[in-house]
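Please read the structure below before turning to the comments.
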Amino acid sequence: FGAHDGIRSMADPARDDQPDHYSKLVVLPPDDEHDNGGVHTNSGIPNHAFYLAIEGGTNRTSGITVQGVGASNRGQIEKVFYRAFAQLMTSNANFSMARAIALQAAQDLYGAGSPPYNAVRDAWTAVGVN
């Protein structure tokens with residue numbers, strides 16, 4: 001984990017008071033004073049899914065272990081999440097939709113059942129998003 005150099009940890013969102021699992025979702029009023037419903041606070045959930053899909057590991061809340069694609073294949077997961085979040089996702093998407101869209105992106109790019117697809121699927125499951 002090393003030095004604390006960021007405002008968020010993808011490996012351990014709880015370190016910075018962010019949820020690492022959907023069961024810990026922070027519900028706030030949808031206004032500027034409250035982070036528009038907690039969009040930045042709750043980013044720990046998809047951030048941790050992204051991390052697990054690459055590096056693998058065990059979600060501390062669910063206890064589910066993910067076999068990531070490994071650092072040498074990081075680009076695969078980066079492409080999946082970029083396609084999902086920047087090209088396919090609508091502005092009104094919820095967490096369940098984000099999972100479905102990420103899986104669609106993984107399937108589009110690498111095929112259903114491929115290592116990147118499986119890593120993305122298992123990572124979202126580990127963070128409690130089905």
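Work out how much length Ala14 to Asp32 would gain on full extension: take 0.36 nm times their residue separation and subtract the Cα-Cα distance, in nm to one decimal.
Numbers: separation 18, 0.36 × 18 = 6.48 nm, distance 2.28 nm.
Going from the current span to full extension adds 4.2 nm.
So how far, in whole Å, is the C-alpha centre of region 19-41 from the one of region 66-127?
Going from one Cα centre to the other spans 22 Å.
Could you tell me which residue out of Ala11, Gly111, Gly38 lies farthest along the dipole of the chain toward its positive end? Charges go on the beta carbon: Lys and Arg +1, Asp and Glu -1, centred on the Cα centre.
Projecting each Cα onto the dipole axis, the largest value belongs to Gly111.
Rounded to the nearest 500, what is the 222 nm mean residue ellipticity of the chain from helices alone, with -39500 (n - 2.57) per DSSP H run of 4+ residues and division by all residues?
-12000 deg cm²/dmol
Between Lys79 and His40, what is the FRET efficiency for a Förster distance of 35 Å, r being their Cβ-Cβ separation, to the nearest 0.05?
That gives a FRET efficiency of 0.90.
Quote the Stokes-Einstein diffusion coefficient, in whole µm² s⁻¹, for the chain, based on the Kirkwood radius over alpha carbon pairs, a temperature of 20 °C and a viscosity of 1.002 mPa s.
For these conditions, the coefficient is 145 µm²/s.
Compute the length gained on full extension between Ala71 and Ser114: take 0.36 nm times their separation in residues and subtract their Cα-Cα distance, giving the result in nm to one decimal. Present the calculation step by step, with values, prior to reporting the outcome.
Numbers: separation 43, 0.36 × 43 = 15.48 nm, distance 1.65 nm.
Extra length available between Ala71 and Ser114 comes to 13.8 nm.
Determine the dipole magnitude for the chain: charges of +1 sit on the beta-carbon of Lys and Arg, -1 on that of Asp and Glu, nothing else is charged, the reference point is the Cα centre, and the result goes in debye to the nearest 20. Please report the intermediate quantities before stating the final value.
On the way: 9 positive and 13 negative charges, 110 e Å.
The dipole of the chain has a size of about 520 debye.
Starting from the 7 Å offset along Cα-to-Cβ, what nm value, one decimal, do you get for the label separation of Leu25 and Ser91?
Using points 7 Å along Cα→Cβ, the separation is 2.1 nm.
Probe radius 1.4 Å, ligands and nucleic acids ignored: give me the carbon and sulfur share of the accessible area of the chain as a rounded percent. Please report the intermediate quantities before stating the final value.
On the way: 3520 of 6960 Å².
With neighbouring chains kept in place, the figure for the chain is 51 percent.
Accessible area per residue for the chain in Å², computed with a 1.4 Å probe and the full protein assembly in place, what is it?
54
The values are calculated or read from the model by the stated rules, or taken from the named source; none is laboratory data. All figures in this text were calculated on a predicted structure; none of them were measured in a lab. So basically every Cβ, Gly included, is an ideal-geometry build from the backbone, and we count neighbours across all protein chains shown. Side chains are part of the model used for accessible areas, which takes the heavy atoms of the whole protein and leaves out ligands, DNA and RNA. Shrake-Rupley method; radii C 1.70, N 1.55, O 1.52, S 1.80 Å.
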